[in-house]
Amino acid sequence: MRHLLSTSDLTRDEALLILDTAAELGRVTDRAVKKLPTLRGRTVVNLFFEDSTRTRISFEAAAKRLSADVITFSAKGSSVSKGESLKDTALTLEAMGADAVVVRHHASGAPYRLAHSGWVGCSVVNAGDGTHEHPTQALLDAFTLREHLRELEGRRVVIVGDVLHSRVARSNVALLSTLGAQVTLVAPPTLLPVGVDTWPCAVSYDLDAALEGADAVMMLRVQNERMNAAYFPSTHEYSRRYGLDTRRAALLADGAIVLHPGPMNRGMEISADVADGPRSVIVEQVTNGVSVRMAVLYLVLGARAEDSAGEASAAEAVSA
């Protein structure tokens, strides 16, 4: 792997390699010393042009557990606020010797531009671009699903909510379909993007019918900050038709799980008793995010160095 820009770029074998590597590297959290020397001497830059808590901290933790040097760049308080362009920021990072750039940007396609412009020679990892994609979130969701459901082939996964503005939904539909899951999107017609009928998934407006016997449900946050129009009558109406409560959770199959990429609008897209209930794996998703991002950084940086040096695999590195 040179870059990770989209789940659509991943083959089934590549996706499974990332998930299997994450499972091996996740064993580090059970050790007294939660660090590996794999990326010692490498520099990872977290380039965040949008606010983030889980993703930014998760990437920081992942890089540090692999012994990389970490530089966190926030647009607020930087030269970006003075008008510096993405190109100039990229050239500055290149001059500093960055080995990998983890970028979150409000413009869809910004990581692609960074990776293929020739501005930088390092690896680029997409940490969320506009309303386009969020590949590491989809990978950690798939990792969590696989931990509980064992096999994703033929499993029914329902994704509910603001699909129109959700990069998480786009990445998950692509990845889960590649891994053999049957995905159904449920949302108001106004919150479905143009062309959704070409996506590798089913679409429904009836949440109760879609949840019946499903193996997992992923609730999406209503992204009010991206909305400039009335997409539904009221929050109460949205919650009544598309919110997940105890009654609806009971429609799921035995052993089914509830996911949410966070942050949650409790009481709107998901009730507190479901978010904190026995089916919920929302906190577990955060934990798994570190393991998956360790795997991504290892594969785009550490694996190449180890292959050339004939050094240990991920499993051997963890066991050492």
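Bear in mind these aren't lab numbers, they're just calculated from the coordinates by the rules spelled out. A quick note: this is a predicted structure, and the numbers were derived from the prediction, not measured. Reconstructed Cβ throughout: ideal geometry from the backbone, glycine too, with neighbour counts over all protein chains shown.
Residues of the stretch 190-220 with the amide nitrogen closer than 19 Å to a label point 7 Å from the Cα of residue 147, along Cα-to-Cβ, please.
Those under the cut-off are 215-219.
With an 8 Å cut-off on Cα pairs and a minimum separation of 6 or more residues, tell me the relative contact order of the chain in percent.
21
About the Cα centre, and with charges only on the beta carbon of Lys, Arg (+1) and Asp, Glu (-1), how big is the dipole of the stretch 135-284? Nearest 20 debye, please.
Charge dipole of the stretch 135-284: 240 debye, to the nearest 20.
Along Cα→Cβ, 7 Å out, is where each label goes; now give me the distance between the ones at residue 208 and residue 57 in nm to one decimal.
Label-label distance for residue 208 and residue 57, simple model: 3.9 nm.
Taking the number of other C-beta atoms within 10 Å as the exposure measure, put 17, 297 in order starting with the fewest.
17, 297
Which option, (1) 28.2; (2) 16.7; (3) 24.2, is the value of mean projected area of the Cα convex hull in nm² that was calculated from these coordinates?
(2)
Quick one: 170, 2, fewest Cβ neighbours within 10 Å first, how do they rank?
If I rank by nearby Cβ atoms, fewest first, I get 2, 170.
Taking the Cα centre of the chain as origin, work out the dipole magnitude from +1 charges on Lys and Arg Cβ and -1 charges on Asp and Glu Cβ, in debye rounded to 20.
The calculation lands at about 640 debye.
Counting each DSSP H run of 4 or more residues in the chain as -39500 (n - 2.57), what helix-only mean residue ellipticity at 222 nm follows after dividing by all residues, to the nearest 500 deg cm²/dmol?
Taken over the chain, the calculation gives -10500 deg cm²/dmol.
Run the quick spin-label model on residue 190 and residue 287: label points 7 Å from Cα toward the beta carbon, then report their separation in nm to one decimal.
Reported label-point gap for residue 190 and residue 287 is 4.0 nm.
Would the stretch 174-282 count as rounded, prolate or oblate if I go by the C-alpha gyration tensor, calling it rounded below 1.5 in a/c and otherwise prolate when a/b exceeds b/c, oblate otherwise?
Cα axes put the stretch 174-282 in the oblate bin.
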